[in-house]
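To start, the structure itself, in structure tokens.
The values are calculated or read from the model by the stated rules, or taken from the named source; none is laboratory data. Just so you know, these numbers come straight off a predicted model, no measurement behind them. Note that each Cβ is placed from the backbone with ideal geometry, even for glycine, and that neighbours are counted across all protein chains shown.
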Protein chains: 2
Amino acid sequence: MPVNLLPPVAAALHPIDGVRIGVVQAGVRKAGRKDVTLLLIEPSASVGGVFTQNRFCAAPVQVCREHLAAGHGVRAIIVNTGNANAGTGEDGLMRARATCIAVAQALEVAPEQVLPLSTGVIMEPLPHQRIIDAVPQAIALARADAWGEAAEGIMTTDTVPKAFSAQAQVQGVTVSVTGISKGAGMIRPNMATMLGFLATDAAIAPELMRDLAFELSEGSFNRVTVDGDTSTNDSFLVIATGRAGHAPITDWAQPGAMALKNAMLDVARQLAQAIVRDGEGATKFITVRVEGGRDALECRQVAYAIAHSPLVKTAFYASDPNLGRILAAVGYAGIPDLDQTRIDLYLDDVHVARQGGRHPDYREEDGQRVMKQTEITVRVVLGRGTATDTVWTCDFSHDYVSINADYRS
Amino acid sequence: MPVNLLPPVAAALHPIDGVRIGVVQAGVRKAGRKDVTLLLIEPSASVGGVFTQNRFCAAPVQVCREHLAAGHGVRAIIVNTGNANAGTGEDGLMRARATCIAVAQALEVAPEQVLPLSTGVIMEPLPHQRIIDAVPQAIALARADAWGEAAEGIMTTDTVPKAFSAQAQVQGVTVSVTGISKGAGMIRPNMATMLGFLATDAAIAPELMRDLAFELSEGSFNRVTVDGDTSTNDSFLVIATGRAGHAPITDWAQPGAMALKNAMLDVARQLAQAIVRDGEGATKFITVRVEGGRDALECRQVAYAIAHSPLVKTAFYASDPNLGRILAAVGYAGIPDLDQTRIDLYLDDVHVARQGGRHPDYREEDGQRVMKQTEITVRVVLGRGTATDTVWTCDFSHDYVSINADYRS
């Protein structure tokens, strides 16, 4: 059961002029589910992407990086579930490239204009011929209003499709932003790499796109964690089709540009948080906010230490205000000169620890009350400076173990 | 059920001349179990210690560091279970010091010659008066052959007491080494800080003791992990009473010195591995060996990434040869210039991956066979150099979640 996350309402998802989507069943996964999603993109579009920092990155990630670096623009993105094409060596690269060539031929574009994305089991050969065989049907079916289907098409162990939309005004023109994401843990049996796509009909200069994708991911996908395992395939792509009709944004100081960026960040953050809300076995959504650091990096380090601790996460699952576990995680987060006597801890509005010790007014029943909620904010004040950072995570339940211990079927 | 770990046979534990131990029930824990262990140490002894790197270290850890730094020698170590005296601020320091003063008065030694150790729930005030009240009985009961009782006295969620002995020849004299440890996860509800004590009747110069404790811990306690949570209270103390009658070791190049050190390392390693074998919910004992690194540090980094991955650990629990998860952990271990095409992976004798991809001869049934064992060695070859390092861990089961999600009782 995802935490406070409902399936998207298709009518609320704005189509993005310049992007059409076809979703088909190619037989990559054995289950009778749609497993190939093809995004067709008009030539006017600018595209930027960021990818996993995992050094064991999958073949499609390597090909995406090459193709984006070639700078010929992107005309199609082909996504398959059921197989990650990771840990597959040279043979895996060949299969990812063959898929791009087939899509390029069907669309009469260059192979470098096609980005391949895969998610699923790793160390198994990608059945790329099945994907190639499904391309004509995906092209034939492609529609602008298929974002809801696309959100379903890229699901693996996700229990709910994830799609959000927003609008903004740029130079008097209404522009739309629509995005989809998937992911619930890391990898199969729970084929749960994180994938995210964000598209807008706004016009953004191509040279801004890489940094934009990075900046949006820093405020969203790079601030969530389910189990701390960084997938081999994580990818986030941003598409700006330029069809809305305003003058292209070449500088974020231009009028309306920040309204657009904020709308994109809002959608990206909802997509990222939806992954946590649908985290494997999640029963609670937890915001970890660290304040009073010397810089944002050390705040993030502390936030991730808390968000990754199995002991903290099982205590949240049990609604147990065993809050010393949070202080212990703060202590081992790796700040060498941290002074424990300056640290305060809050659970929502409850002041749990002051100057490194239990607050004299703290009562266990107050901690208990907050721990029982499905949405909880942990706030740590380091007392070292003015920087802050925030990470979103979920608890750690029996179901996480069950989901991840099931034999691959 | 611990993994291949039997309770110690008391008769096999060598008494250490110069150390006597009293174990009593002081009522720190509510359960009717012995919860205070007092080690009395003759004035001839040298003592060294290493402590948690957690910046939220407990009050007793701070007091131990001060007292060892004072350099007046150590005449007693007092250990309580049931309360960690961590996250307790100035008040906690006061209580730890009061305990030392009481022990010192009873023994007519200086308070700086007493080391306090605590393990248990954190952020609760230590009932130090109960400990103090129990000191006379502990002194009256103290015996040299009580190592088995001591191993039981320091247990918290441990299911089996942990004690090992060895002997070595130094300058024609037989010296004995006996040690005890406790720990099964991190902290309460599973009061599971790691504590370790090693004593020998060999004579070792006091100035060697700190480095010796560090070196022994580096080959043992610093190479094990259950859940990656570093406790606020982890402590490891080494005592050399000098009663065996040989000339003191002042240099490890002296005859027989290395035999002694190897015997101590052997006992320390068994104590550390016993903690993993009795890890919360453990069903398998896993050795992660990383070879072919540029230096030992990067090998250790990779080994810990594997040993901490919840996805890897749940796969071991399920006996699922989902070995891509191991490659993914290698990839995110943080070696920036890692070349995935040079990496090989073995599961015991089975060659799973070669040059970053699935080995052509690898068959799932071979991986499955090894995964079903209770003792498994994961071997990763990085192909970057000649350094190696090894870490020991356990799998991650439903019982881990159950044990850590139970409300504190």
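Could you list all residues from region B:308-333 that are in contact with a Gly (Cβ under 6 Å, 6 or more places away or on another chain), under 23 Å from A:S309 (Cβ atoms) and part of a loop (DSSP other than H, G, I, E, B)? Selection gives nothing. With respect to the stated conditions, B:E90 is without any contact (Cβ under 8 Å) to a residue 12 or more places away in the chain and within 14 Å of chain A (Cβ to nearest Cβ). Looking only at region B:309-327, residues that are within 8 Å of another protein chain (Cβ to nearest Cβ) and within 14 Å of B:R358 (Cβ to Cβ) come to 5 in all. Candidates A:A205, A:A240: the one that is closer than 20 Å to A:A76 by Cβ, more than 14 Å from every other protein chain (Cβ to nearest Cβ) and hydrophobic (A, V, I, L, M, F, W, C) is A:A240. Annotation: A:L38 fulfils all but one of (1) at pLDDT below 95; (2) assigned to a strand (DSSP E or B); the unmet one is (1). Scanning region A:320-332 for residues that are buried (at least 24 other Cβ atoms within 10 Å of the Cβ), modelled with pLDDT of 90 or more and farther than 19 Å from B:T230 by Cβ turns up nothing.
Identify, please: which residue in region B:141-165 is among the hydrophobic types (A, V, I, L, M, F, W, C) and buried (at least 21 other Cβ atoms within 10 Å of the Cβ) and is, among those, farthest from B:V19 (Cα to Cα)? Across region B:141-165, the extreme among qualifying residues is B:M155. Looking at A:N4, A:N83, A:N54, just one residue is closer than 21 Å to B:R342 by Cβ, touching a residue at least 12 places away in the same chain (Cβ under 8 Å) and polar (S, T, N, Q), and that residue is A:N54. Scanning region A:382-406 for residues that are within 14 Å of chain B (Cβ to nearest Cβ), within 16 Å of A:A329 (Cα to Cα) and of a type in the set (A, V, I, L, M) yields a single hit, A:L382.
Within region A:45-70, the set of residues being assigned to a loop (DSSP other than H, G, I, E, B) and modelled with pLDDT of 95 or more comprises just one member, A:A45. Checked against the criterion of being over 14 Å from A:T230 (Cβ atoms), among the basic types (K, R), at the interface with chain A (Cβ under 8 Å from one of its Cβ atoms) and crowded, with 19+ Cβ neighbours inside 10 Å, region B:344-358 has at least one qualifying residue.
Residue-by-condition table, conditions (1) within 24 Å of B:N222 (Cβ to Cβ); (2) more than 10 Å from chain A (Cβ to nearest Cβ); (3) in contact with a Phe, Trp or Tyr (Cβ under 8 Å, 6 or more places away or on another chain):
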position: B:E291; (1), (2), (3): yes, yes, no
position: B:E298; (1), (2), (3): yes, yes, no
position: B:D337; (1), (2), (3): no, no, no
position: B:D361; (1), (2), (3): no, yes, no
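Cβ-Cβ contacts under 7 Å between residues 6 or more apart (or on different chains), taken from a first residue in region A:373-402 that is among the basic types (K, R) to a second residue that is in a loop (DSSP other than H, G, I, E, B), are listed as A:R384/A:R294. Just to be sure, is A:N85 within 14 Å of another protein chain (Cβ to nearest Cβ), crowded, with 24+ Cβ neighbours inside 10 Å and within 24 Å of A:I180 (Cα to Cα)? Answer is yes for this residue. In the condition set (1) buried (at least 22 other Cβ atoms within 10 Å of the Cβ); (2) within 14 Å of chain A (Cβ to nearest Cβ); (3) of a type in the set (D, E), B:D35 is compliant with all but (2). Note on region A:93-135: among residues that are in contact (Cβ under 8 Å) with a residue 12 or more places away in the chain and in a loop (DSSP other than H, G, I, E, B), the one that is farthest from the other protein chains (Cβ to nearest Cβ) is A:V109.
Counted as qualifying within region B:334-409 are the strands (runs of 3 or more DSSP E) with 2 or more residues that are among the charged types (D, E, K, R), namely B:375-381.
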